Amino acid sequence: MRITPAQAEQAISAIRTHLGGEAAVWLFGSRVDDSKRGGDVDLYTETPLPGILLRETVRAKIALESIFGRSVDLIVNNHRKERPIYQIAREQGVKLA
């Protein structure tokens, strides 16, 4: 996994601040492969709050990009629709919280 434990904790805190205290978080994509280099940070989160708005997601993304110092792709599942990327992130990712 190519993020530090401190970055993982900060990311969890930022996501839970903006998207709900019970949000679950996975790191997925190239950052879970120690043999790769560079790349953005892909995070997937599930929140039990169905009313998450774009505003909260953008605020979380800004906070995450400050933590990592690079682009962050943040996928938010608020259980309104099921999308294939949700299953991919859960199965191939590393659960952080």
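Return only the number of the condition from (1) modelled with pLDDT of 90 or more; (2) in a loop (DSSP other than H, G, I, E, B) that Q7 does not satisfy.
(2) is the only condition that Q7 fails.
Could we say that R16 is at pLDDT 95 or above, out of contact with any helix residue (DSSP H, G or I) (no Cβ under 8 Å at 6 or more places or on another chain), farther than 13 Å from F68 by Cα and not β-branched (V, I, T) here?
Numbers: at pLDDT 95 or above: yes; out of contact with any helix residue (DSSP H, G or I) (no Cβ under 8 Å at 6 or more places or on another chain): yes; farther than 13 Å from F68 by Cα: yes; not β-branched (V, I, T): yes.
The answer is yes for R16.
Identify, please: which residue in the range 30-45 is in a strand (DSSP E or B) and of a type in the set (A, V, I, L, M, F, W, C) and is, among those, surrounded by the most Cβ atoms within 10 Å (Cβ to Cβ)?
Among them, the one singled out is L43.
Please work out which one of (1) surrounded by 12 or more Cβ atoms within 10 Å (Cβ to Cβ); (2) modelled with pLDDT under 95; (3) under 16 Å from A8 (Cβ atoms) is the condition L49 fails and give its number.
The single condition L49 does not satisfy is (3).
Would you be able to say whether some residue in the range 57-72 is part of a helix (DSSP H, G or I), at pLDDT below 95 and loosely packed, with under 12 Cβ neighbours inside 10 Å?
Within the range 57-72, not a single residue is part of a helix (DSSP H, G or I), at pLDDT below 95 and loosely packed, with under 12 Cβ neighbours inside 10 Å.
The values are calculated or read from the model by the stated rules, or taken from the named source; none is laboratory data. A quick note: this is a predicted structure, and the numbers were derived from the prediction, not measured. A quick note on method: Cβ atoms are made from the backbone with ideal geometry, for glycine too, and the neighbour counts reach across all protein chains shown.
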